[in-house]
Amino acid sequence: MTVGLDVRSERERVARACRPGQPVPDFVYSSDEDALWSRIFATLRAMHEQLGCADYRCAARLVRLPADRVPQMNEVSRTLRSLTGFELAPVIGSQPGRLFYGPMADNILHATPDVRPVTEQAFSPDPDVIHELVGHAVILADPEFAELYRCFGRAANQATSDEARTAIARLFWFTLEVGLVTERGHPRAYGAAILSSVTEMESFVNADLREFRVEDILASRIDDRICQPVLFVADSVSRMMTEVKGFLRTSVEN
Ligand SMILES: [Fe+2]
């Protein structure tokens, strides 16, 4: 796949020119990038039917991402705004700590519009538009998940210690990025990093699957350079949310 540097640098220019509260303009995608999206999205969508959790599959039917082209961030934002109040704000590259989590308190998810090269599609620690839209944006159509994102944002804005910030990052990672839940006796994915990666979807059932316990997650290190060797499986989405929100409220926001 050949993607002109001009396409990528034009997206970067548009993203950097965006200001909070202003409409997000369209981003340009090449025909090769649209074809890549179509191929990966079709594969993931089939996998989601088997391995995605029920809440995710419901949310995907509401968001209805297009199958034949890279979706525009502004159209997905419009849908999310009407469902849960969330919006997507373009950024280039990963955002560190509070810059990433904090805006979630105000219904804003920072997301990159970029498409990573086909050679990095199997696995990459960096987010791309597939990760942002297929992973994060879809689940943000679910009101309960949207509220959990807000809770992380509020906690990040109120955290005053490195210890609290590390706890937030680990909890976010092992839930909203690589979280699993048991449904009908089988692990199913609700985490964005798994739902947006063919490789992660293929391999998560072979990971070291452990019972969801906040204290165990807080003692676990994040390594986003590899497929996840250890994952935490909640009994139910509601129990996971109750425990995560309780921890954020009592241990971080005070
Ligand atoms: Fe992510």
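The values are calculated or read from the model by the stated rules, or taken from the named source; none is laboratory data. It should be emphasised that the depicted structure is a prediction, and the values quoted were computed from it without experimental measurement. We place every Cβ from the backbone using ideal geometry, glycine too, and count neighbours over all the protein chains shown. Side chains included, ligands, DNA and RNA excluded: accessible areas come from the protein's heavy atoms. Shrake-Rupley method; radii C 1.70, N 1.55, O 1.52, S 1.80 Å.
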Looking only at segment 202-254, which residues are in a helix (DSSP H, G or I), closer than 26 Å to G102 by Cα, at pLDDT 90 or above and not hydrophobic (A, V, I, L, M, F, W, C)? E215, D216, S238, R239, T242, E243, K245, G246, R249
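If I go through segment 167-179 residue by residue, how many of them are within 10 Å of the ligand (Cβ to nearest atom) and either assigned to a loop (DSSP other than H, G, I, E, B) or in contact with a Lys or Arg (Cβ under 7 Å, 6 or more places away or on another chain) (or both)?
Total meeting the criteria: 1.
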If only one of D106, D34 is surrounded by fewer than 17 Cβ atoms within 10 Å (Cβ to Cβ), of a type in the set (D, E, K, R), under 23 Å from A141 (Cα atoms) and at pLDDT 95 or above, which one is it? D106
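Do the conditions hold for R188, that is, is it crowded, with 16+ Cβ neighbours inside 10 Å and under 30 Å from E33 (Cα atoms)?
On the way: crowded, with 16+ Cβ neighbours inside 10 Å: yes; under 30 Å from E33 (Cα atoms): yes.
Here the answer is yes, as R188 does meet what is asked.
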For segment 206-228 the number of residues that are more than 15 Å from the ligand (Cβ to nearest atom), under 30 Å from S38 (Cα atoms) and open to solvent by 70 Å² or more (accessible area, probe 1.4 Å) is 2
Quick one: would you say A146 is more than 12 Å from the ligand (Cβ to nearest atom), over 27 Å from A164 (Cα atoms) and modelled with pLDDT of 90 or more? no
Among the residues listed as T160, T182, T199, the single one being among the hydroxyl-bearing types (S, T, Y), open to solvent by 10 Å² or more (accessible area, probe 1.4 Å), within 14 Å of G97 (Cα to Cα) and more than 14 Å from the ligand (Cβ to nearest atom): T160
